[in-house]
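The values are calculated or read from the model by the stated rules, or taken from the named source; none is laboratory data. This one's a predicted model, so the numbers in the text were calculated from it and none came from an experiment. Cβ sites come from the backbone with ideal geometry, for glycine too, and all protein chains shown count toward neighbours.
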Amino acid sequence: MAVRAILKYPHPALKQRALPVERVDAGIQALVDDLAETMYDAPGVGLAANQVGVLSRVFVVDCAAEDEASQLLVFINPEIVTTAGTVQWEEGCLSFPGITEEIRRAERLTARALDRGSSFRAHGRRPPRRRHPARARSPEWRGDARQAERAAAKAPRSEARAGSRRVGRRLTRARAQRDAGRENTPLSS
């Protein structure tokens, strides 16, 4: 696992369409590990493969609160199945450091994707994305988006700095959970 450099706008890879993953092999597994480590190191809530220069349809997201165990989700070849409602809030992106913008997104969605080789469906309300984890983590993936936004807005800046120090502990927990899952789950071909 390695921390990769996050591409900054206007890098051309950020404007190119990512290609579907043909097979979840050791290379994709390593990419997922690198994406998670890079995201936690940044610190961020989500990171896509094209943000590190790999044009594959892969992204990771972790919306766990700082005091919760990691809830790392891996999306390989994601498809949005349904959406409902709209919500607008301020978002940031690791490829646009220091810049936030009011963005309108679906309030609820259902997505279908591969997760390290097995198919799954994710249902939930979209959590907010922010640059600092203590201010970014929604209280619950299935929580109300407006409630999560209010909670994130109330988090003091000192929590954001403290959150950066806790990223290492979260990464260690995520690695332990990942390794425990690998012992019981064979990789798909």
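Summary of computed values
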item	result
Hits in segment 63-97 - residues which are exposed (fewer than 12 other Cβ atoms within 10 Å of the Cβ) and at pLDDT below 90	Asp67
Flag if Arg108 is over 16 Å from the mean Cα position of the chain (by Cα), over 14 Å from Asp33 (Cα atoms) and in contact (Cβ under 8 Å) with a residue 24 or more places away in the chain	yes
Odd one out for Leu47, checked against (1) at pLDDT 95 or above; (2) more than 11 Å from the chain's Cα centre (by Cα)	(2)
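Let's see how each residue does on (1) surrounded by 14 or more Cβ atoms within 10 Å (Cβ to Cβ); (2) within 12 Å of the chain's Cα centre (by Cα); (3) within 13 Å of Cys93 (Cβ to Cβ); (4) modelled with pLDDT under 95:
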residue: Val24; (1), (2), (3), (4): yes, no, no, yes
residue: Leu31; (1), (2), (3), (4): yes, no, no, no
residue: Pro43; (1), (2), (3), (4): yes, yes, no, yes
residue: Val54; (1), (2), (3), (4): yes, no, no, no
residue: Arg57; (1), (2), (3), (4): yes, no, no, no
